[in-house]
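Below you'll find the structure, written out as structure tokens, and then a few comments.
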Amino acid sequence: MAKNSWDKYRITTGTLVVLSGPSGVGKDSILDRLEEIYPAARRCVTATTRRRRSGEAEGIDYFFLDKREFEEGIAKGGFLEYANVHGNLYGTPKEYVLEQLREGIDVILKIDVQGAENICRQIPGTVTVFVVPPSEEELLRRLTMRKTETEDEIRVRFENAKKEFAKMHLYDYIIENDTVEDAAERLKAVLVSLRCKNGKKSK
């Protein structure tokens, strides 16, 4: 029997992994670290109408659109999902995701709870991961320390976090972000497990 003759039986489509968690829990930091230790997975770039923060780059952190451009995308069916979050529009570009999945790439989509529910309805087999802080007090500290929102915005995000915690039992995996290093290793373990389970080729 030729070496790797079983390749034709392997599943070659990628898995979509939804990563959720309250604002300030450290999702971006976890994904930044994951890219360093596990390049086989790719972060999905989403579109948003919120203002660009210092250091963010177009097409890397987000696709930054104005409201008119975003609404045109909605009208054309260009988003797998979209939602108004904290007064800004966020959406997942449909073809961007589907093309990578067809190529066998595992795509990680950072998204809020309501968006996760929409994605799971549209793409069967989506795996969901919820990130939690060590405590609510620590979450509030992190929101305050990053200095990217006003006091009122922090208050809104903290109250929204409590609502999100109430739905985390719906997720396949829960990862605590006590330290970014440990949380990224836990997420990597989930992804490796999925590749072994589905017999997919590493990129």
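Any read-out appearing in this document is the output of simple, stated calculations on the displayed coordinates, not a laboratory observation. Only a predicted model underlies this, so the values are computations on that prediction, with no experimental measurement involved. Note that each Cβ is placed from the backbone with ideal geometry, even for glycine, and that neighbours are counted across all protein chains shown.
So what is the calculated 222 nm ellipticity per residue for the chain, using -39500 (n - 2.57) for each DSSP H run with n of 4 or more, over all residues, to the nearest 500 deg cm²/dmol?
Working: 7 runs with 83 residues, N = 203.
Counting only the DSSP helices, I get -12500 deg cm²/dmol.
Work out how much length Thr144 to Glu95 would gain on full extension: take 0.36 nm times their residue separation and subtract the Cα-Cα distance, in nm to one decimal. Intermediate values should be presented prior to the final figure.
On the way: separation 49, 0.36 × 49 = 17.64 nm, distance 3.63 nm.
Full extension from Thr144 to Glu95 adds 14.0 nm.
Enumerate the residues in the range 11-35 having an amide nitrogen under 20 Å from the point lying 7 Å beyond the Cα of Val192 toward its Cβ.
Label zone hits: 15-18, 30-35.
How do Ile154, Ile30, Ile108 rank when sorted from fewest to most other Cβ atoms within 10 Å of their own Cβ? Spell out each step's value before the answer.
Values: Ile154 18, Ile30 27, Ile108 23.
The most exposed by this proxy come first: Ile154, Ile108, Ile30.
Please find, in a Gaussian network model of the chain (springs between Cα atoms separated by less than 10 Å), the residue of Arg155, Arg102, Arg53 whose mean-square fluctuation is greatest.
Comparing Arg155, Arg102, Arg53 in a Gaussian network model of the chain, the most mobile one is Arg53.
Just how far, in whole angstrom, is the range 86-152 from the range 8-73 if you go by their alpha carbon centroids?
8 Å
Under 5 Å between amide hydrogens, which residues at least 5 positions from Ile108 or on another chain qualify, with H placed 1.01 Å from N in the peptide plane?
Result for Ile108 returns Val17, Arg42, Arg43, Cys44.
Given H placed on each backbone N at 1.01 Å, which residues far from Val85 in sequence or on other chains put an amide H within less than 5 Å of it?
Tyr90
Could you sort out which of Lys76/Lys188; Lys76/Lys197; Lys27/Lys94; Lys76/Lys162; Lys147/Lys197 sit more than 32 Å apart by Cα distance in this structure? The partial results should precede the final answer.
Working: Lys76/Lys188 35 Å; Lys76/Lys197 36 Å; Lys27/Lys94 22 Å; Lys76/Lys162 34 Å; Lys147/Lys197 41 Å.
Listed pairs above 32 Å: Lys76/Lys188; Lys76/Lys197; Lys76/Lys162; Lys147/Lys197.
What list of ³J(HN,Hα) couplings, whole Hz, do you get for the range 21-28 from phi and the Karplus terms 6.51, -1.76, 1.60, once you set θ to phi - 60° and write x for glycine and proline?
x, x, 4, x, 6, x, 4, 5
Quick one: which residues, 5+ away or cross-chain, put their amide H under 5 Å from the amide H of Phe79? H built at 1.01 Å from N.
Here Lys94 satisfy the definition.
Where does each of 165-171, 15-21 land if you order them by average Cβ count within 10 Å, highest first?
Going by the mean number of other Cβ atoms within 10 Å, highest first, we get 15-21, 165-171.
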